[in-house]
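Here the structure comes first, spelled out in structure tokens, and everything after it is commentary.
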Amino acid sequence: MKVTLINYTHNALDTLIFTKNTRLSMHAGLMAEIAEWPMEKKLAELEYMRNTIASSWEFIDYIFMIEGVSRAFTHQLVRHRVGVSFAQQAQRAVDMTGFEYITGPSIKNEAQIETYRTTMDKISKSYNDLLGFGVNKQDARGVLPTNISTNIVMKANLRTLSDMGLKRLCTKSQGEFQDVFRAMRDAVLAVHPWADGFIRVHCAKWGVCMFPTYIGCPVKGRVYDPTTGAAYDGGVAAKPDEIQVVWETNRGEAQP
């Protein structure tokens, strides 16, 4: 799997602050004024914006090239429909002869691996046979596996990434999605370090677990339980920033 940030809003910080401040002051020179602000003032403004109306976040875009992922993952990815655009490799048009595939993490021992590999080899042969019989690609693709490797381009604005991160950064998330979204977050922070507070897992952003019945979470013992008013393990709940540190160092085993 590989995630590449291929384009993004380059003056994002100033644009983010500008679009937020237009609600209070809109004039031609506002953008230029913000550009002259010291970084300390800009970061203070961002701290406020993290917990206020998120409409201005929609003006900041990121475009990702996501390679070597399964179709099973992209079926989940495209369920996110607000503030996103997708362009995916088309099996209808592309000859998938010799396709690669993704092996799930629970397929570990020799018998499991051999069964999985043999099945994929049979599918590959059947696909090639169908093409050899004159079947067109759009019909032959019907035998291809869900875990076939594919590539997809995704554009998302900052508000969408923030909403996705609440769920997809959680260790409850399906393993491949969790891995991909962590890589997307890392790519964003590489160009916009200030976005750290905008793209966080739900518990690290709000201090409350999004999935109270989820068992086996490495972070839950630090998270606030709204029913008891304490941490889920009965101790003292941590602050969101402290939870973020725990999350960063205890990523846990991704779910299959």
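Taking a ≥ b ≥ c as the square roots of the eigenvalues of the Cα gyration tensor, an a/c ratio of 1.5 or more together with a/b no larger than b/c marks region 201-256 as oblate. Approximating the spin labels as points 7 Å out from Cα along Cα→Cβ, the His27-to-Val135 distance works out to 6.9 nm. Normalising by residue count, the chain has a Cα convex hull of 152 Å³ per residue.
In the chain, which longest range has no GluC sites (Glu not before Pro) that are both DSSP loop (not H, G, I, E or B) and surrounded by at most 14 other Cβ atoms within 10 Å? It runs 101-252.
Near Trp37: Cβ cut-off under 12 Å, other residues only, Lys/Arg at +1 and Asp/Glu at -1. The net charge is -3. Determine the calculated [θ] at 222 nm for the chain from helices alone, applying -39500 (n - 2.57) to every DSSP H run no shorter than 4 residues and normalising by the residue count; nearest 500 deg cm²/dmol. Per the formula, -12000 deg cm²/dmol. Calculated on C-alpha atoms, the gyration radius of region 118-256 divided by its Kirkwood radius gives an Rg/Rh of 1.17. If R₀ is 30 angstrom, what is the calculated FRET efficiency for the pair Val153 and Ile123, using the beta carbon separation as r and rounding to 0.05? Efficiency computed from Cβ-Cβ geometry: 0.70. Report the Cα centroid-to-centroid distance between region 114-180 and region 55-101 in angstrom, as an integer. Centre-to-centre distance over Cα atoms comes out at 10 Å. The phi torsions of region 211-224, fed into the Karplus equation with coefficients 6.51, -1.76 and 1.60 and a -60° offset, translate into couplings of 10, x, 8, 6, 9, x, 6, x, 9, 3, x, 9, 9, 6 Hz, rounded to whole numbers, with Gly and Pro shown as x. Electrostatic tally near Cys203: other residues with Cβ closer than 9 Å to its Cβ, Lys and Arg +1, Asp and Glu -1, net +4. Straightening the chain between Val236 and Asp186 buys 15.0 nm, computed as 0.36 nm per residue apart minus the Cα-Cα spacing.
Quick note: the coordinates plus some simple rules give every number you see, no bench work behind them. Since the model is a prediction, treat every value here as computed from it, not as a measurement. Cβ sites come from the backbone with ideal geometry, for glycine too, and all protein chains shown count toward neighbours.
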